[in-house]
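Okay, so here's the structure we're looking at.
The values are calculated or read from the model by the stated rules, or taken from the named source; none is laboratory data. Since the model is a prediction, treat every value here as computed from it, not as a measurement. Cβ placement follows ideal geometry from the backbone for every residue including glycine, while neighbour counts extend to all protein chains displayed.
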Amino acid sequence: MAWFRARFTAHDIYRVTGAFLERRGFRLLLADLDNTLAPYGAPLPDEKLKAWRDDLSAHGVTLFILSNNRHESRPRIFAEGLGVPYIGHAGKPKTPSFYRAMEQAGVTKEQTAIVGDQIFTDILGGNRAGVSTILVRPIRLAGNPGRYLRYAAELPFRLLSGKEEL
């Protein structure tokens, strides 16, 4: 059961501040792309997201996109637009991409957190990799009935996650 519970919860990524991460010793924030950093299909980051990335950086935290997107161009173009490293087709909840990102950033699992909107990929993968987990609400569910089903299946675990809301 603990595998499916996030350590922290937040309404959205903007509540996960650089100051919060720095106080807890995090130097790397892995982030899911679709429905966490941006709505599905958003081609490039907006100015608000860039300002958030700058806040993280000002506090010594590197943002790193860890996306399960199977289209190589989607995470690459978005990450380039944001000026951050990425791993696409990451295979979450499997752990090799988590370890590869930490190695690239030169940090330990204790210095790493992941933020994402899905229990069965982002949170499970983060817990399996031994990093801190932050669950956010999905940006938008509209348009895909499968997403509604997936989030409905995750509801019990969402309710049990992170007593510390950011």
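Just a few scattered comments:
- Region 56-69, residues that are assigned to a helix (DSSP H, G or I) and within 23 Å of K109 (Cβ to Cβ): L56, S57
- Consider region 53-70 and keep the residues that are touching a His at 6+ places or on another chain (Cβ under 9 Å) and surrounded by 21 or more Cβ atoms within 10 Å (Cβ to Cβ). The one that is nearest to D12 (Cα to Cα) is S67.
- Flag for G125 being surrounded by fewer than 18 Cβ atoms within 10 Å (Cβ to Cβ), closer than 14 Å to A31 by Cβ and modelled with pLDDT of 95 or more: no
- Scanning region 77-122 for residues that are surrounded by 15 or more Cβ atoms within 10 Å (Cβ to Cβ), among the β-branched types (V, I, T) and more than 24 Å from K50 (Cα to Cα), we see that the one that is farthest from the chain's Cα centre (by Cα) is T95.
- With respect to the conditions (1) modelled with pLDDT under 95; (2) under 22 Å from G41 (Cβ atoms), I77 falls short on a single one, namely (1).
- A31 more than 19 Å from S132 (Cα to Cα), of a type outside the set (S, T, Y), modelled with pLDDT of 95 or more and under 13 Å from the mean Cα position of the chain (by Cα): no
- The set of residues in region 70-107 that are among the basic types (K, R) and not in a loop (DSSP other than H, G, I, E, B) comprises R74, R76, R100.
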